[in-house]
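J.: Before I ask anything, let me first share the structure, which is written out below as structure tokens.
What follows is calculated from the coordinates using simple rules that are stated; it is not laboratory data. Only a predicted model underlies this, so the values are computations on that prediction, with no experimental measurement involved. Here the Cβ is made from the backbone with ideal geometry for all residues, glycine too, and neighbour counts use every protein chain on show.
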Amino acid sequence: MQTGTSVVLVARGREGLPVLQQVDWQSFVSAEERSKALKSFVRQAGLQHRSTVAVLSLDSYELMQVELADLPAAERREAARWQVREIIDFPVEQAVVDLFDVAPFGGERKPLTYVVAAREAILRERVQLLEAAELSLAAIDIPEFALRNIAELFVDDDRGTAILYLREQDGLLTISRDGIHYLTRSFSSGMNDLLPFADGDYEALTEQLDSIVLELQRTFDYCESTYQLPMVSRLLVAQTDREIPAVITYLNDYLGTRVETFRFDSVMVVPEDSEPLELNRHLLAIGGALRREED
């Protein structure tokens, strides 16, 4: 089975807008072929020793909420490892864990703590891959934060931004406000569930969309009750494979916020010949490249 990875190059423009300088898809059928393809790309593009952010695939880590009470900072990571040992599907001794807190938007509730757990072997493989390609690894990120970085570009959304990323097999919703990632929800529905009904079978399409609307509304309600976060200013929908206008129309009719097609036009300088759908396929890589040093 052939697979691949996105490689993108982003720079900060003089007028403040980030500039998407290059987008590429590297196909490979094995780990060895992936390494060769990345080395070749880096050499040809002259990117040796460039600061690089790697974004993990959704199936290579687990994200869980943990209860750490008021433990001292020095004890939190080990306490988190103990809590997740019965949840993750691999020995905790083989795990690398990291923590982040999400403070409620309003009120006096304590922050909620989340732990990211990934196999050490997977992270080590990523590090070795980039080092072999003569890239300088700045960070290994997760898709939740990659989408958060993109949501931060939409500064005109004073109540925050939600992004629904519809991939082939699944979807990912992230809710961010003021640079804070509040919640991410994974969906089992993706473009492959919608495309068969895109050309006229509106009733069947709406049946598929009903389940997405239900999950979206549940997520927004949970975000409001848990984080006291009012409904975001808008929901941006990033479709892949094909643009289905009925998706935007339907979600706009049934959700209590403005729903629009995701576009980089006003927030990033992109190559003149780039296609929006093609950029959407590289969305997580672009978000990773937007990571700032202080993140």
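J.: Kirkwood Rh over alpha-carbon pairs of the range 55-191, then Stokes-Einstein at 20 °C and 1.002 mPa s: what D in µm² s⁻¹, rounded to an integer?
T.: 128
J.: Show me, for the range 95-102, the HN-Hα J-couplings you get by feeding each phi into the Karplus relation (A = 6.51, B = -1.76, C = 1.60, θ = phi - 60°), rounded to Hz, glycine and proline as x.
T.: Coupling constants for the range 95-102: 9, 10, 10, 9, 10, 8, 9, 10 Hz.
J.: Can you tell me the alpha carbon radius of gyration of the chain divided by the globular rule-of-thumb value 2.2 N^0.38 Å?
T.: Values: Rg = 19.7 Å, N = 295, 2.2 N^0.38 = 19.1 Å.
My calculation over the Cα atoms of the chain gives 1.03.
J.: Something else about it: Is the range 41-114 rounded, prolate or oblate when judged by the Cα gyration tensor, a ≥ b ≥ c being the square roots of its eigenvalues, rounded requiring a/c under 1.5 and prolate requiring a/b larger than b/c? Provide the component values of the computation, followed by the final result.
T.: Values: a/c = 2.63, a/b = 1.69, b/c = 1.56.
It comes out prolate by the Cα gyration axes.
J.: Pairwise over distinct Cα atoms, reciprocal of the mean inverse distance: report the Kirkwood radius of the range 139-295 in Å, one decimal place.
T.: For the range 139-295, inverting the mean 1/r across all distinct Cα pairs yields 15.9 Å.
J.: On to the next question. Between beta-carbons, use under 13 Å as the cut-off and find the net charge around Glu275, counting Lys and Arg +1, Asp and Glu -1.
T.: So the surrounding residues net to -3.
J.: Just round it to a whole percent: the fraction of Cα-Cα distances in the range 1-59 exceeding 19 Å.
T.: 37
J.: On to the next question. Hey, what did the chain get for relative contact order, percent, Cα under 8 Å, at least 6 apart? Don't jump to the answer; show the numbers that get you there.
T.: Working: 490 pairs, mean separation 60.9, N = 295.
Reported relative contact order: 21 percent.
J.: A follow-up question, please. Largest first, please: the extent of the C-alpha atoms of the range 206-295 along each principal axis, to the nearest Å.
T.: Principal extents (Cα only, largest first): 38, 36, 19 Å.
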